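The values are calculated or read from the model by the stated rules, or taken from the named source; none is laboratory data. In this text the structure is predicted, and so the values were computed from the model without any measurement. Counting neighbours? That spans all protein chains shown, and the Cβs are built from the backbone with ideal geometry, glycine included.
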């Protein structure tokens, strides 16, 4: 389970090599992930600062805002640097703050892809992820327009979010799946089996909500390890995830440039075998 040295990069789908510590754009929206970022100028500067500090994997979704997050990323970063991978997602309808409704209707998915291409000011989405599988629509139908977009060169690679192994294998009958984005952190490890499956398959595993630091019983361990490294608890959570499996890509989000630098510092921490195993219990 433990690795002796944390690898710094991962190659998505065999051809997109990115630094494993990326950035998730969801925080650059209004309250309840609704509307634009409160400080638009700061949000643009934060994205530019991330890229200047070697972040070359940015995760967003059409539902963040909705739409405002993709527009912001294009405003801040387009035309994109060579090697900068922008991943987006589709499959949620938003009706208000903190309201999320799954929609896997093929017509809606087709419109979502076209909308993301326009807002991101790109003719190809590097990684398009199905935000959720709609229980009311067979996934084969949901993914049909995605497969068409791949064939047309509008999408390079495809991923899934909040899925089990059976979901991945069913989707792969329609088109190749290169990434899985499930909730995973020190505190929440219910997708351990899926993580191990993606590691074996060399798929990217992209934990969302990565910085949750675990239950109270873990806090004394975390504090001691953080103290030993002169680090914050969040930085240790990042270091543990990067050590946990080489295919993990991290997308911690923040609206603070100082916090962005703190998160990036977590990527420079190397836990000892003993520290890693202690936190893995």
Residue hits (the range 186-199; closer than 15 Å to residue 281 by Cα, touching a residue at least 24 places away in the same chain (Cβ under 8 Å) and surrounded by fewer than 20 Cβ atoms within 10 Å (Cβ to Cβ)) are 187, 188
Can you pull out the residues in the range 259-275 that are part of a helix (DSSP H, G or I), closer than 21 Å to residue 57 by Cβ and without any contact (Cβ under 8 Å) to a residue 60 or more places away in the chain? 259, 262, 265
Scan of the range 169-191 for residues that are modelled with pLDDT of 95 or more and under 17 Å from the mean Cα position of the chain (by Cα), ordered by number: 177, 178, 179, 180, 181, 182, 183, 184, 191
List the number of the failed condition for residue 119; all other conditions in (1) within 18 Å of residue 158 (Cα to Cα); (2) surrounded by 13 or more Cβ atoms within 10 Å (Cβ to Cβ) hold. (1)
Run residue 210 past the list (1) over 16 Å from the mean Cα position of the chain (by Cα); (2) crowded, with 17+ Cβ neighbours inside 10 Å; (3) outside any helix (DSSP H, G or I) and report the number of the one that doesn't hold. (1)
I'd like to check something: does the range 10-30 contain any residue that is over 15 Å from the mean Cα position of the chain (by Cα), assigned to a helix (DSSP H, G or I) and surrounded by fewer than 13 Cβ atoms within 10 Å (Cβ to Cβ)? no
Quickly run through the range 31-44 and pick out the residues that are assigned to a helix (DSSP H, G or I), in contact with a helix residue (DSSP H, G or I) (Cβ under 7 Å, 6 or more places away or on another chain) and closer than 16 Å to residue 74 by Cα. 43, 44
Within the range 213-238, how many residues are farther than 21 Å from residue 191 by Cβ and in a loop (DSSP other than H, G, I, E, B)? 3
When you look at residue 241, is it in a helix (DSSP H, G or I) and within 15 Å of the chain's Cα centre (by Cα), yes or no? yes
